[in-house]
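Report on the following structure.
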Amino acid sequence: MASSSPNRAAVLRGGRLGPVAVLAVAAVLVFGAYHKAWVTDDAYITFRAIENLFDGHGLTWNVGERVQVFTHPLWMMAMCGVRALTGGFFHGAVALNLALTLATALLLALRLARSWPAACVGLGLLAASRAFTDFATSGLENALLHLLLVLLVWLDDGSRSRAAVARFSLVAALCLMTRPDALFLIAPAWALVLLRAGLRRAAPALLAGLAPLVLWELFALVYYGSLLPNSVLAKLNHGLPAGAMIAQGGHYLANSLRGDPVTLVGIAAATAAGLMTLRGVRFRSLMAGETASGARPDAPWTWGAGLVLMLLYVVVVGGDFMSGRFLTAPLAVAAAVIVTRPLPAAFARAAGAALLALFLLPWSSPLRDRDYGAEWHAAIDADGIADERSYYTEIGSLRAARHAAAWPDPRSAQNAARFKREWPADNFVDYLLQLGVLSPEDRWPPAAATDEDGRPLRMVAIRGAVGFLGYHLGPSVHVLDYHALGDPLLARLPATVPDPILRDRIPRLASLPWRIGHFYRRPPVGYVRTLACGRNVIADPDIARYYDVIRRLTRDPVFDRERLATLWKFQFGGYEELRRRAAAASARR
């Protein structure tokens, strides 16, 4: 998105105060991210799959079962590079996150900002946002998505050339490979880029830009048997009313306003600034890239529209269980829009000073540790939304990192070692039986570690919050996640409501029938035994038949003729009636 200024870098270099101020605010932003550096449990879900790949087991969650447990294939590929270079994940993930955050700050300041005061306001907004500095690291894809989105705004220069369409579409495709729901943010700008160039004329360039995304989806379809990641299926097939999800989405925004008002206020300000450029502009002028001020080439209204769509999406899907996580990408776009707007120097200085004060004052700073280190459930609010960095600060932060092979979360490493040492005994199975999560018929593991025919059984660990634990358990253990992120059968069955584990483990959330992002599924009778012995002994006939289909897709050789025929039929709804019957049978339990 180019502004009317022909050379922003020259503007930033003008005088002595500008460069010093911009570098100071950028340093504050990066320092804030470094001070809070951490890696979350969810990141290690991806890292377990990568470790399996490096161990020769394929890009899988459980060995022998092809399931895509991540929604960010581009970030996964980047972390494969980290794993190859460093042999591990924790410090490499933090370093890569910080490098990407620095690159985002430099791109905003040196290529997008029309003046140094505007650059200070944009960077100050990011530095003062608790959500942005929390997820500038975390081991998740946020930092990569921030950079790609800001790059996309920079590329939105109004050009009608095929090369410009190809560049924009390529970066847009990389955004979708980093986080698929980024489509809501970028769709209006992308559509205008294509309309300006002419759809027929732009089609070849569009297809060229989309090539990485298309290739990945083809790989996922053939290898995993699904275009959608399993984790997405687990969060879509919950069977809960749309109204309940929208209400939860409202709680998500309210949580952000209470604990981190800078984030939503910044998004709202950028949305207004972008949409205001529509005033007095005719449709033909929009296609030419003109704004109300006559600046060209420029269309910030499309990014304002994208921010509106993204917030609507966040509400409709119920937000997330991690406070602020779904708002950092909109905030990155908001900062990019703000730095391209003509800001009066006095206003920009005042806004920059206010944001700096918010960062530095002890009661409002995003660096404040709040109640970090207190009881773990204190980090979760009454609606099930967690300050995730607080939750994991003692076991997953850079400041707390121990020089030990078991980091992060050494307790999970100890639990994993104990599980493998004591199996088939598992106290957690007894706990699940007491709650009614498992049926008495599913008392498992049995007294012996072999089946009726004397064959060794696969170790099966039934757990939730499986990132750190699953990573430490390693490839020899099949991790059955009762939130279904890594299980291809449970992900296609409806959630069990109310959630008995939630009520027992967090009593103050007992009034919640379910928790966002943690949709519990009760394993079908016989499923645990099926996973351990490798034979389908699921009791319900409909669920058993449906699992036969799922097992063929996820366990048979990739290019087996019968599997490919099943894949074709599966993609075109040939097993949908069977899935509905299986879902109904699961709901009756």
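Are any residues in the range 485-526 at pLDDT below 95 and assigned to a helix (DSSP H, G or I), and if so, which ones?
If the condition is that a residue be at pLDDT below 95 and assigned to a helix (DSSP H, G or I), then Pro500, Ile501, Leu502, Arg503, Asp504, Arg505, Pro507, Arg508, Leu509 are the ones that fit.
For the subset of the range 229-261 comprising residues that are in contact (Cβ under 8 Å) with a residue 12 or more places away in the chain and outside any helix (DSSP H, G or I), which member is nearest to Gly574 (Cα to Cα)?
Asn237
Given (1) surrounded by fewer than 15 Cβ atoms within 10 Å (Cβ to Cβ); (2) not in a loop (DSSP other than H, G, I, E, B), where does Ile462 come up short, assuming only one miss?
(1)
Out of all the residues in the range 168-190, is one or more over 23 Å from the mean Cα position of the chain (by Cα) and closer than 26 Å to Phe326 by Cβ?
no
Pick from the range 174-200 the residues that are under 25 Å from Gly92 (Cβ atoms) and not charged (D, E, K, R): which of them is surrounded by the fewest Cβ atoms within 10 Å (Cβ to Cβ)?
Of everything passing the filter in the range 174-200, Pro180 is surrounded by the fewest Cβ atoms within 10 Å (Cβ to Cβ).
For Ala244, work out the one condition from (1) under 30 Å from Gly259 (Cβ atoms); (2) in contact with a helix residue (DSSP H, G or I) (Cβ under 9 Å, 6 or more places away or on another chain); (3) of a type in the set (A, V, I, L, M, F, W, C) it doesn't fulfil.
That leaves (2) as the condition not met.
Got a sec? Which helices (runs of 4 or more DSSP H) wholly within the range 387-446 have at least 3 residues that are loosely packed, with under 15 Cβ neighbours inside 10 Å and not acidic (Asp, Glu)?
410-422, 427-435
Output the qualifying pairs, or none if there are none: Cβ atoms under 7 angstrom, residues six or more apart or on different chains, first residue in the range 42-68 and on the phi > 0 side of the Ramachandran plot, second residue surrounded by fewer than 24 Cβ atoms within 10 Å (Cβ to Cβ) and not polar (S, T, N, Q).
Gly58/Arg66; Gly64/Arg555
Among the helices (runs of 4 or more DSSP H) confined wholly to the range 290-360, which include 2 or more residues that are assigned by TED's automatic domain parsing to the domain that holds Arg279 and at pLDDT 95 or above?
Hits in the range 290-360: 300-316, 328-339.
Name the single residue, out of those in the range 548-577 being among the polar types (S, T, N, Q) and closer than 25 Å to Gly526 by Cα, that is surrounded by the fewest Cβ atoms within 10 Å (Cβ to Cβ).
Thr566
Of the residues Leu195, Leu264, only one is more than 30 Å from Trp568 (Cα to Cα), at pLDDT below 95 and part of a helix (DSSP H, G or I); which?
Selected residue: Leu195, the only one of Leu195, Leu264 that is more than 30 Å from Trp568 (Cα to Cα), at pLDDT below 95 and part of a helix (DSSP H, G or I).
Any chance you could count how many residues in the range 65-120 are more than 22 Å from Val153 (Cα to Cα) and not in a helix (DSSP H, G or I)?
Of the residues in that region, 10 qualify.
Find all pairs meeting these conditions: Cβ atoms under 7 angstrom apart; at least six residues apart or on different chains; first residue within the range 212-227 and at positive phi; second residue β-branched (Val, Ile, Thr) and in a helix (DSSP H, G or I).
Correct list of pairs: Gly225/Thr554.
Kindly indicate whether any position in the range 72-82 is of a type in the set (A, V, I, L, M, F, W, C) and modelled with pLDDT under 95.
no
Any residue at all in the range 118-125 that's out of contact with any Phe, Trp or Tyr (no Cβ under 9 Å at 6 or more places or on another chain) and surrounded by fewer than 23 Cβ atoms within 10 Å (Cβ to Cβ)?
For the range 118-125, residues out of contact with any Phe, Trp or Tyr (no Cβ under 9 Å at 6 or more places or on another chain) and surrounded by fewer than 23 Cβ atoms within 10 Å (Cβ to Cβ): absent.
Could you list, in sequence order, all residues of the range 160-192 that are assigned to a helix (DSSP H, G or I) and of a type in the set (Ser, Thr, Tyr)?
Ser169, Thr178
In the range 126-160, what residues are more than 15 Å from the chain's Cα centre (by Cα), of a type outside the set (A, V, I, L, M, F, W, C) and crowded, with 24+ Cβ neighbours inside 10 Å?
Passing the criteria: Ser129, Arg130, Thr133, Asp156.
Can you name every residue in the range 241-269 that is more than 17 Å from Ala382 (Cα to Cα) and buried (at least 17 other Cβ atoms within 10 Å of the Cβ)?
Those that are more than 17 Å from Ala382 (Cα to Cα) and buried (at least 17 other Cβ atoms within 10 Å of the Cβ): Val262, Thr263, Leu264, Gly266, Ile267, Ala269.
The values are calculated or read from the model by the stated rules, or taken from the named source; none is laboratory data. Not measured: the values here are computed from a predicted model. FYI the Cβ positions are ideal-geometry reconstructions off the backbone, even for glycines, and counts take in every protein chain you see.
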